[in-house]
Amino acid sequence: MKLTSRSVSRAALVSSVLATVTLSAGLLVATSANAATTLGASAAQSGRYFGTAVAANKLSDSTYVGILNREFDMVTAENEMKIDATEPNQNQFTFGNADRIVNHARAQGMRVRGHTLAWHSQQPGWMQNMEGTALRSAMLNHVTKVAQYYAGKIYAWDVVNEAFEDGSSGARRNSNLQRTGNDWIEAAFRAARAADPAAKLCYNDYNTDDWTHAKTQAVYRMVQDFKTRGVPIDCVGLQSHFNAQSPVPSNYQTTLQNFANLGVDVQITELDIEGSGTTQAANYERVTKACLAVTRCTGITVWGIRDTDSWRSYGTPLLFDGSGNKKPAYTAVLDALNSVGGTTTTTTTTTSNDPVPGGCTATASVNAWNGGFVVTVKVTAGAAAIRGWTVTLALPSGSTVTNSWNATRNGNQWSNVAYNGNLTAGQATEFGFQGTGSAGSPSPTCTAS
Ligand code: G2I
C-alpha cells in the first residue's frame, strides 16, 4: 500500500500498535508504527519515494499495472518523454504516450520524474542533423516547451542526461549538443527553471557510482561549479545500472554523500542489478541502505517492474520475476526500507466553516522522521461539486517547507492548482509538501469555492 491518507488510515485501523485519540468532535488522530508492506509505503516512512520506469504500452497489462499500483509511488516514463517521442518534427510536440503515463500516475497519487529534456541519444532525425546556434535554440525551445507543458506535474526533471565521457578523461562527451558550446548544460537548466519553477532539476548519468572514477569526479566538479555560480540545479541522479562488469562499488555511499554535501538532493534514478538469488538480494540491500544512510538521498527508482520488462532482461536485474512474483531482491529492499521506520500520524477534520453548500473536508497524514516530515493532505468535496479549495494548515514555528506538489502555498494556506480544483460531490484529490523540523499534529480545515 502507498502511504497516502487513505492507506495509512487503513493500516492504522488494523494495526495492533494503533493509538487512537479523539481530541474533539470531528477530529481524529491515529498513530501507527507497524512495518509497511509495499516499497512505496516503506520508503515513505523516512520521507523517501520508491519509483519505477513505466512503459505506456504496458499499461494494458493487468499484472504489470497491479504491481505498479500496489508497490510504487513515483513513476518515470521509460522512453515516452524523450526528445524523439515528444518532438518528432521540429516544433510539433506529441505528448500522447507520456500523458498516458502521467495521468495514470497522478490518478493513483503517484508522483512523476521527468526523463529527459536534453540528451545526445534518442534525438529525432531533424535534431541529429543539427549543429551550432540552430541546435542550441532548438534544444532550448524543446526544454522550454516540454517543461512548460508538464509544469506543476513533475517532481524532478532529468534536465540533462549522460553528458560526460566514459573512461579516464573526465571530459564532456563529444555530441552535437556539446559542440554548441560548453555552457549548453547550464543553459538547459536555466531554461527548465524558467519553464517549471516547481520541479527539482537534476543532472542524470551512469557510471558515476564509484567515487574514484574520473567521470564521477567530473560530474561532481560540474555540480560544484553550478552551485558556486548559482546555476539552478537541485539534484543529481545516479542511474546505477549494475552487473558483473560494473558492480556496486564499495564506496557507493561515499559517492552519494559527497554529492549531497554539495547542497543537492541525490536520487537513484534507474536502478537495476543483474544476477539472481541471495547475491542479487545482497547487492540491492547495499544500494538501498546506502541511500537510507544519506539524508539527502530522497528516493530510489528501479528501471522496470518485472525482469521481462527490463532493457536487459537477459540479466534478470529487477525485483519481480517474469510472472510478477516477488524475488529475494524485493524482500531485501523492503526489509532494508523498513529498518528505518518513521511514525505516521493521520489527522482528520470533519467540520469546516464553508460558504459553499456541501463544502469540503481535509485529512492530513504526517510522516515524520528525525528532522523532517512529509505531509500528505487529502481534500474531499462534500455533498455538492466545488470549483476550488483552500486548506488552512499551520505548522509549528521553526519548521520549514522545502518542497510541495499539487497545490500553491500562501503562508498557512494551500490552494488548488489549475488541474485539481474542480471536484464532483464526494470526489477527493491529494496534495503534499515536505519540510524540515516538525510538522506537529496538524488539524487542517478546508474552505471550498
Ligand atoms: O539504456 C538504459 C537507460 C540508460 N539511461 C537512460 C535511459 O533512458 C535508458 O533507457 C533505455 C530504455 O530502457 C530502452 O527501452 O533507453 C533505451 C534507448 O536509449 C531504450 O531502448 C529503446 C530502443 O533502443 C528502441 O529501439 C525502442 O524503440 O526502446 C525503444 C522503445 O521500446
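Throughout, read-outs are computed from the coordinates displayed, never taken from laboratory work. Not measured: the values here are computed from a predicted model. Heads up, the Cβs are rebuilt from the backbone with ideal geometry, glycines too, and the neighbour counts pull from every protein chain shown.
Taking Cα atoms only, the orientation of helix 132-149 departs from the longest principal axis of the chain by about 20 degrees.
Taken about its Cα centre, the chain carries a charge dipole of roughly 820 debye when the Cβ of each Lys and Arg holds +1 and the Cβ of each Asp and Glu holds -1. Here the 3J(HN,Hα) profile of the range 269-283, calculated from phi with Karplus coefficients 6.51, -1.76 and 1.60 at θ = phi - 60°, is 9, 9, 4, 8, 9, 5, x, 7, x, 6, 5, 4, 4, 5, 5 Hz, Gly and Pro shown as x.
Think of the chain as having a plus end and a minus end, set by charges on the Cβ of Lys, Arg, Asp and Glu; of TRP389, PRO232, ASN406, TRP389 sits farthest toward the positive end of this dipole. Farthest toward the positive end of the dipole of the range 148-190, out of ALA151, PHE189, GLY167, is the Cα of ALA151, where the dipole comes from beta carbon charges about the Cα centre. Taking amide H as placed 1.01 Å from N in the peptide plane, the amide H of TYR49 sits under 5 Å from that of GLY299, ILE300, each at least 5 places away or on another chain.
Relative to the longest principal axis of the Cα atoms of the chain, the long axis of helix 214-229 makes an angle of roughly 60 degrees. Which entries in the list LYS82/LYS153; LYS145/LYS378; LYS153/LYS378; LYS200/LYS289 go over 20 Å, if you measure between the two C-alpha atoms of each? Checking Cα-Cα distances, LYS145/LYS378; LYS200/LYS289 exceed 20 Å. Run the helix sum for the chain: -39,500 (n - 2.57) per DSSP H stretch of 4+ residues, divided by residue count, reported at 222 nm to the nearest 500 deg cm²/dmol. After summing the helix terms and dividing by the residues of the chain, the value is -8500 deg cm²/dmol.
Under the simplified labelling scheme, the SER323-ALA418 pair shows an inter-label distance of 4.8 nm, with each label point 7 Å from Cα along Cα→Cβ. Considering only ASN91, THR38, ASN243, and ranking their Cα positions along the charge dipole of the chain that arises from unit charges at the beta-carbon of Lys, Arg, Asp and Glu, the one farthest toward the positive end is THR38. Taken as Cα centroids, the range 270-331 and the range 137-194 sit 28 Å apart, rounded to the nearest whole angstrom.
Relative to its residue count, the chain spans a Cα convex hull of 143 Å³ per residue. Structure remark: mean-square fluctuation, Gaussian network model of the chain, C-alpha springs under 10 Å; the largest value among ALA43, ALA218, ALA383 belongs to ALA383.
Length available on full extension from SER339 to ARG70: 0.36 nm per residue minus the Cα-Cα distance, which gives 94.8 nm.
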